[in-house]
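Here is the structure we will look at, set down as structure tokens.
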Amino acid sequence: MVLKKISPEELFQRMQQGEQLTILDVRDQEKYNTFHIEGENIQSLNIHKTEIFELENNQDKNISALPEKGEIIVTCTTGNSATKCANILSKHDYDVVVLDGGLTAWKDYIKK
């Protein structure tokens, strides 16, 4: 199964259009508190990747903080952990998209 990806540019455009977005940041809370993507139309969630990894071995478990309907944009520092998490979440029928390049690419894009 191929995961959908969203580029920082696409995400920025969707934010500018006022689209309601859910962004799941799977980094440590400390890193999340230092920097995460924010906006008035963004529901920003911080669920550590280990909690999502637990879903892989436990089909009955779910994460109540995640919306069951609608797209979830998953991100981390570079996109690697986000991709692993998105694979697991998609097996649990969540509609997930990975921010291509993670927050590193996002910061580079918004600095332009």
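Readers should treat all values here as calculations from the given coordinates under stated rules, not as data from a laboratory. Predicted model only: the values in this text are computed from it and were never measured.
Under a 5 Å amide H to amide H cut-off, with H placed in plane at 1.01 Å, what residues pair with Thr22 once short-range neighbours are removed?
Gln43, Ile73
Which of the pairs Lys49/Lys69; Lys91/Lys112; Lys61/Lys112 have their Cα atoms more than 32 Å apart in this structure?
Lys91/Lys112; Lys61/Lys112
Taking each full run of DSSP H in the chain as one helix, which ones are at least 15 Å long along their axis (Cα atoms) and have mean Kyte-Doolittle hydropathy of at least -1.0?
In the chain, the long hydrophobic H runs are 80-91.
log₁₀ I(q)/I(0) of the chain at q = 0.12, 0.14, 0.19 Å⁻¹, via Debye over equal Cα point scatterers, no solvent, to two decimals?
-0.37, -0.51, -0.95
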